[in-house]
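Below is one structure, written out as structure tokens; the observations come after it.
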Amino acid sequence: MERPVHRTEKPASNKRTIGFIVVIAVHALMLWALTTGLAKTMVDALLEPIETRVIEEAQQIPEAPPPPPPKFDAPPPVVMDMPDVVITQEAAPTSAIQVTKKVAPPPPPPPADVLIPPRTNPRRPNAGAEEIYPAMSKRLGEEGTVVLLLSVSEEGRVTEAKIDQSSGFERLDEAASKEAVRSWRFLPGTRNGKPEAMQMRIKVTFSLKG
């Protein structure tokens, strides 16, 4: 035997649904009314005339310059006579003592040195040009005068002989300089009577005519 099926109705659920739809419709209607009114208000505000005002800038009126100061005539200068003032003062007596100092005359300058150059010893004459004439120079006909610069020691010996002026022939110059150092002797030069090494010049003439 079949059992009867009992269906359960839910009237509360349907009521909630209908209520929800009504609430939504009311909100939609209010939203539409609000939107339509606000839009119209904005359009009316935009369509109102715009009033413009032009504000002119106030012009500044320049002030008048101040009047010039009054001119005053300067008073004439006053010239006053100045009194003559003479100041006299007696000079104080001075007791100046003059001291004279006797200055000794400067000493006389020392006497100049007495120089005596070297000279030939008459007791021992030096060899002449004829004695030292080179044989080759005679054959070749070489002649001339040579000037020697001699360095004479305190003993009268020739320590050095330089050619101060050549004869034009090397053979004659060499013969004279070598002979001077080798064998020539002189009286030494003196300074204030004391022997001293000095220099002297001497001529040696080579001539075939003599």
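Values in this text are rule-based calculations from the coordinates and carry no lab data. In this text the structure is predicted, and so the values were computed from the model without any measurement. In this analysis, Cβ positions are derived from the backbone assuming ideal geometry, glycine residues included, and neighbour counts consider all displayed protein chains.
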### Charge context of R171, other residues only, Cβ under 13 angstrom, K/R +1, D/E -1
-3
### Query
Among the lysines in the stretch 115-206, how many pairs, 8 or more places apart or on different chains, have alpha carbons under 24 Å apart?
6
### Task
Would you mind working out the magnitude of the charge dipole of the stretch 115-206 relative to its Cα centre, with +1 at each Lys and Arg C-beta and -1 at each Asp and Glu C-beta, to the nearest 20 Debye?
360
### Message
Sorting check: for 130-142, 178-190, which peptide has the highest mean count of neighbouring beta carbons within 10 Å, and how do the rest follow?
### Response
178-190, 130-142
### Message
Taking 0.36 nm per residue of sequence separation and subtracting the Cα-Cα distance, how much length would be gained by fully extending the chain between A197 and K209, in nm to one decimal?
### Response
0.7 nm
### Query
Cβ under 12 Å from P188's Cβ, P188 left aside: what net charge do those residues give with Lys, Arg +1 and Asp, Glu -1?
+2
### Message
Which log10 I(q)/I(0) values does the stretch 115-206 give at q = 0.19, 0.21 Å⁻¹ under the Debye formula, counting every alpha carbon as one identical point scatterer?
### Response
-0.82, -0.95
